[in-house]
């Protein structure tokens, strides 16, 4: 019951603030690391009652539609369901409430040969959480793993309750372009 109320409150807050985006310099993304190292980027500091960034849509598919409209090389993948989620996290407490993968045509087919269709290496994934704190926790968890296994490296960007995971096969500038489009 409490989770439902929290989810409804979060959805209402997101809907109310989605139309109030601004383009001041505090909302501009930080540059990605020039070495291609994975990065966790969050919005700037804000008062507790205000979101740190313009509120994204509460659904990963809607966030992806916005991303694909801005970055023409992005092509939608399949939405992840509780049955198809390879991580078994969808809908679990503190985990993502929706997820979708995407491909990026700037990644060479030969570089992802043998990868599953839903692999982040093919382009990326968008995971939406109930709170920004949950998204940040997930990004920190992923970055903790990739520090010990560079082969799993990826770019991770947190924007409100949205975690955008981007393939390491994109250049830092290309990854930053995806971050800016969310």
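The values are calculated or read from the model by the stated rules, or taken from the named source; none is laboratory data. The structure displayed is predicted, hence computed values, not measured ones. When we count neighbours, we look across all protein chains shown, and the Cβ atoms used for this are built from the backbone with ideal geometry, even at glycine.
Scan (1) surrounded by fewer than 16 Cβ atoms within 10 Å (Cβ to Cβ); (2) at pLDDT below 95; (3) more than 19 Å from residue 154 (Cβ to Cβ) for the single condition residue 116 breaks and write down its number.
Status for residue 116: all satisfied but (3).
Considering only region 60-105, how many residues are in contact (Cβ under 8 Å) with a residue 60 or more places away in the chain and within 19 Å of residue 168 (Cβ to Cβ)?
Start the filter on region 60-105 by keeping residues that are in contact (Cβ under 8 Å) with a residue 60 or more places away in the chain, which leaves 60, 63-64, 66-67, 70-71, 74, 93, 96-97, 104.
Pick out the ones that are also within 19 Å of residue 168 (Cβ to Cβ) and you get 67, 71, 74, 104.
Of the residues in region 60-105, 4 are in contact (Cβ under 8 Å) with a residue 60 or more places away in the chain and within 19 Å of residue 168 (Cβ to Cβ).
Please find, within region 119-151, the residue that is surrounded by the most Cβ atoms within 10 Å (Cβ to Cβ) out of those that are assigned to a loop (DSSP other than H, G, I, E, B) and at pLDDT 95 or above.
The first filter runs over region 119-151 and keeps only residues assigned to a loop (DSSP other than H, G, I, E, B), leaving 119, 129-131, 149.
Those left that are additionally at pLDDT 95 or above: 129-131.
On the way: 129: 24, 130: 20, 131: 14.
The extreme case among them is 129.
Do we find a residue being in contact with a helix residue (DSSP H, G or I) (Cβ under 6 Å, 6 or more places away or on another chain) and either assigned to a loop (DSSP other than H, G, I, E, B) or surrounded by fewer than 16 Cβ atoms within 10 Å (Cβ to Cβ) (or both) anywhere in region 159-168?
Yes, because at least one residue in region 159-168 is in contact with a helix residue (DSSP H, G or I) (Cβ under 6 Å, 6 or more places away or on another chain) and either assigned to a loop (DSSP other than H, G, I, E, B) or surrounded by fewer than 16 Cβ atoms within 10 Å (Cβ to Cβ) (or both).
Kindly list, by first and then second residue, each pair from a residue in region 124-149 that is at positive phi to a residue that is part of a strand (DSSP E or B), limited to pairs with Cβ atoms under 6 Å and residues at least 6 apart or on different chains.
So the pair list comes out as 124/102; 124/165; 124/166; 124/167.
If only one of 58, 76, 46, 82 is surrounded by 14 or more Cβ atoms within 10 Å (Cβ to Cβ), assigned to a loop (DSSP other than H, G, I, E, B) and at pLDDT below 95, which one is it? Steps first, please.
Numbers: 76 fails: assigned to a loop (DSSP other than H, G, I, E, B); 46 fails: surrounded by 14 or more Cβ atoms within 10 Å (Cβ to Cβ); 82 fails: surrounded by 14 or more Cβ atoms within 10 Å (Cβ to Cβ).
Testing whether each residue is surrounded by 14 or more Cβ atoms within 10 Å (Cβ to Cβ), assigned to a loop (DSSP other than H, G, I, E, B) and at pLDDT below 95 leaves just 58.
How many of the residues making up region 85-105 are surrounded by 22 or more Cβ atoms within 10 Å (Cβ to Cβ) and part of a loop (DSSP other than H, G, I, E, B)?
Final tally of qualifying residues: 1.
Could you tell me how many of the residues in region 106-118 are assigned to a helix (DSSP H, G or I) and touching a residue at least 60 places away in the same chain (Cβ under 8 Å)? If you could, list the steps in order and put the result at the bottom.
Looking only at region 106-118, we keep the residues that are assigned to a helix (DSSP H, G or I), and these are 109-112.
Within this subset, residues satisfying the condition of being touching a residue at least 60 places away in the same chain (Cβ under 8 Å) are none.
Residues that pass the stated criteria total 0.
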